[in-house]
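The values are calculated or read from the model by the stated rules, or taken from the named source; none is laboratory data. For clarity, every value in this text was computed on a predicted model and none was experimentally measured. Because the Cβ atoms are built from the backbone with ideal geometry, glycine has one as well, and the counts that use them run over all protein chains shown. Please note that ligands, DNA and RNA were not included when accessible areas were found on the heavy atoms of the full protein model with its side chains. Shrake-Rupley method; radii C 1.70, N 1.55, O 1.52, S 1.80 Å.
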Amino acid sequence: MVTWSDVQATMGRPLTSAEIDQSTLWIGQARSIIGARLGSLEALDQGILDMIVTEAVANRLKRPDSATQVSVSVDDGQVSRTYESSTGQIEILPQWWALLSPTTTTGAFSVRP
């Protein structure tokens with residue numbers, strides 16, 4: 001099971017106490033989103049599930065809201081950040097859904113009794 005320390009390792013930097021709390025909450029949300037779509041999480045490959053949950057939470061930490069540009073000015077200094085795209089929510093990317101529920105090909109025909 002994924003923990004905030006897994007997210008911290010993925011981010012490559014220490015998390016603040018607020019980010020630890022957020023990560024813990026978002027891990028549960030990511031698992032709920034996946035479970036709502038695919039059913040029992042126990043039936044999934046746990047390694048792939050953990051990787052996807054970790055990456056989804058790390059992505060939310062990197063792009064926390066749907067703002068495309070944020071500027072902060074203090075005295076003579078200014079910092080600007082531009083986000084490529086973000087829903088501001090936990091998002092499971094299409095390629096991750098494909099990893100979680102791979103399609104199996106049995107041939108050109110199916111026979112049912």
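Between Ala18 and Ala36, how many nm apart are label points set 7 Å from Cα along the C-beta direction?
So the label points at Ala18 and Ala36 sit 2.6 nm apart.
How much length is gained if the chain between Gln89 and Ile48 is pulled fully straight, taking 0.36 nm per residue apart and subtracting their Cα-Cα distance, in nm to one decimal?
Full extension from Gln89 to Ile48 adds 12.7 nm.
How much accessible surface does Ile33 have with a 1.4 Å probe, in Å² rounded to 10?
Probe radius 1.4 Å; accessible area of Ile33 about 70 Å².
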